[in-house]
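Report on one structure; see the data block that follows.
The values are calculated or read from the model by the stated rules, or taken from the named source; none is laboratory data. Everything numeric here is computed off the predicted structure, so don't read it as measured data. Here the Cβ is made from the backbone with ideal geometry for all residues, glycine too, and neighbour counts use every protein chain on show. Only protein heavy atoms, including side chains, enter the accessible area calculation; ligands, DNA and RNA are left aside. Shrake-Rupley method; radii C 1.70, N 1.55, O 1.52, S 1.80 Å.
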Amino acid sequence: MKAQCTLVQQDFDGMIPALQARKSTRSSRRCRSRRSVLQSVNFSDKYYSTPARLVAKTAGNLQVTPAGLKGKKIGVQRSTIHDRYATDTFKGTEIVRYTKQDEVFLDLAAGRIDATLVDSVAADVGFLKTPAGKGFGFVGPTYTDVKYFGIGAGVAIRKSDTDCRPSSTRH
């Protein structure tokens, strides 16, 4: 496919509406079985899968269990798979929601939250490998529960763009 692409940064919640309004040609999003999303758009085949991870101060000795995180603050990007997983899993923890992951990283670096649950690649590149990420690292296990995190990342495609659908879904 010969195509010229322009990257457009936008809020996560606005990706599907922007795609439908033709304000963006494609929208990358983790595939998951949410009916409302699947009724709105199609998805390409999976092209990668990365686990979610908690990021916290490496010297903090955070006990990464639901009981160990009780009373702590975990920052997440609002309305994401990480938000759903943290809310359902870490019951005694205060889940602090943000519009953008960059805002979560700022509050983590400032000590206003104890950890963030985020895609491991986004955390590594967007925070841990930056000056603000010094003294922070991945803590605890990787999180890959298909119920929350799906089978991997795919590209959202407008229902009307039938030529872009995976060959397995063309009729």
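For region 141-156, enumerate the residues that are open to solvent by less than 40 Å² (accessible area, probe 1.4 Å) and either under 16 Å from Val121 (Cα atoms) or at pLDDT 80 or above (or both).
Passing the criteria: Tyr143, Tyr148, Phe149, Gly150, Gly152, Ala153, Gly154.
Determine whether region 29-41 contains at least one residue that is touching a strand residue (DSSP E or B) at 6+ places or on another chain (Cβ under 8 Å), open to solvent by less than 100 Å² (accessible area, probe 1.4 Å) and at pLDDT 75 or above.
Checked region 29-41: at least one residue is touching a strand residue (DSSP E or B) at 6+ places or on another chain (Cβ under 8 Å), open to solvent by less than 100 Å² (accessible area, probe 1.4 Å) and at pLDDT 75 or above.
Run Thr58 past the list (1) of a type in the set (Val, Ile, Thr); (2) open to solvent by 40 Å² or more (accessible area, probe 1.4 Å); (3) within 15 Å of the chain's Cα centre (by Cα) and report the number of the one that doesn't hold.
Just one mismatch for Thr58, condition (3).
Collect the residues in region 104-125 that are closer than 20 Å to Ala86 by Cα, within 14 Å of the chain's Cα centre (by Cα) and open to solvent by 40 Å² or more (accessible area, probe 1.4 Å), keeping them in residue-number order.
Val121, Ala122, Asp124
Is it the case that Ile81 is surrounded by 20 or more Cβ atoms within 10 Å (Cβ to Cβ) and within 15 Å of the chain's Cα centre (by Cα)? Quick ask: steps written out before the conclusion?
Working: surrounded by 20 or more Cβ atoms within 10 Å (Cβ to Cβ): yes; within 15 Å of the chain's Cα centre (by Cα): yes.
Yes: the conditions hold for Ile81.
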